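Novice: Below you'll find the structure I mean.
The values are calculated or read from the model by the stated rules, or taken from the named source; none is laboratory data. Model, not experiment: these values are computed from the prediction. FYI the Cβ positions are ideal-geometry reconstructions off the backbone, even for glycines, and counts take in every protein chain you see.
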Amino acid sequence: MSAALPEVLDAWRAVASRRRFEGVVPLSALPRLAAGLADVAGEVRYVLDFYRDASGTGCVEVEVEAALPLVCQRSLDRFLLPVTVRQRLGLLAREQDESGLPAGFEPLLVPSGELRPLDVVEDELILCLPVVPLDPAGAEGPKGVWSSDSAARDQGPAEDRRSPFAALAKLKR
């Protein structure tokens, strides 16, 4: 069953009733994420599926798809970074319970039981933002190969090159 995404929900009640939320939200509704984007044109598709696993742990499976508008730090052009997230989160009332999570689950601390589902979606997208955005389509790399002796080879024979310290050698005499 899919339902409209509430602003705040009781995580334990959502687990008990096996709630599923899916929909689309504009990027402009995610202000913390918007701070790292070139603009907020676009939307995010999400699915939040609450359930209890075989060991009795309350879980939420998060699926998020978006095309994030970023500025390439090489060309300074806008580009879209396609992002697909599939994450399983184990709901914890106390931090000490983290060691009891099954393998493959990330902890999500909900001490009061209240959860802002849109914050979960936003957090997962923030974790996908690259530190230095580079457009993969424009990844040509540097035009030449630079090394310490390539500059010397490009200048011609050794006798044609003048040492930058030649003037200092004359002063020393």
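Novice: Checking Val25 against (1) under 18 Å from Pro102 (Cβ atoms); (2) part of a strand (DSSP E or B), which single condition isn't satisfied?
Specialist: (1)
Novice: Next question. Looking at segment 28-39, which of the residues that are part of a helix (DSSP H, G or I) and in contact (Cβ under 8 Å) with a residue 60 or more places away in the chain is farthest from the chain's Cα centre (by Cα)? Break it down stepwise before answering.
Specialist: Kept after step one, since they are part of a helix (DSSP H, G or I), are these residues of segment 28-39: 28-29, 31-34.
Add one more test, that the residue is in contact (Cβ under 8 Å) with a residue 60 or more places away in the chain, and what stays is 29, 32-33.
Values: Ala29: 17, Arg32: 12, Leu33: 10 Å.
So, considering only residues that are part of a helix (DSSP H, G or I) and in contact (Cβ under 8 Å) with a residue 60 or more places away in the chain, the one farthest from the chain's Cα centre (by Cα) is Ala29.
Novice: Quick one: which residue in Leu48, Leu5, Leu30 is surrounded by 13 or more Cβ atoms within 10 Å (Cβ to Cβ), at pLDDT below 95 and not hydroxyl-bearing (Ser, Thr, Tyr)?
Specialist: Leu5
Novice: I've got another one for you. Need the failing condition index for Ser55 against (1) at pLDDT below 95; (2) farther than 15 Å from Leu89 by Cα; (3) among the hydroxyl-bearing types (Ser, Thr, Tyr), just the number.
Specialist: Among (1) at pLDDT below 95; (2) farther than 15 Å from Leu89 by Cα; (3) among the hydroxyl-bearing types (Ser, Thr, Tyr), Ser55 violates only (2).
Novice: If you take the residues in segment 46-70 that are of a type in the set (D, E, K, R) and under 16 Å from the mean Cα position of the chain (by Cα), which one is nearest to Pro31 (Cα to Cα)? Spell out how you get there, then give the answer.
Specialist: Pass one, segment 46-70, residues of a type in the set (D, E, K, R): 49, 52-53, 61, 63, 65.
Still in the running and under 16 Å from the mean Cα position of the chain (by Cα): 63, 65.
Numbers: Glu63: 20, Glu65: 17 Å.
The selected residue is Glu65.
Novice: Also, quick follow-up: Show the residue pairs that are 6+ apart or on different chains and have beta-carbon atoms under 8 Å apart, the first residue being within segment 96-108 and in a loop (DSSP other than H, G, I, E, B), the second being polar (S, T, N, Q).
Specialist: Pairs that qualify, where the first residue is in a loop (DSSP other than H, G, I, E, B) and the partner is polar (S, T, N, Q), are Leu101/Thr57; Pro102/Ser55; Pro102/Thr57; Phe105/Thr57.
Novice: Can you give me the number of residues within segment 55-88 that are in contact (Cβ under 8 Å) with a residue 40 or more places away in the chain and either on the phi > 0 side of the Ramachandran plot or not in a strand (DSSP E or B) (or both)?
Specialist: 7
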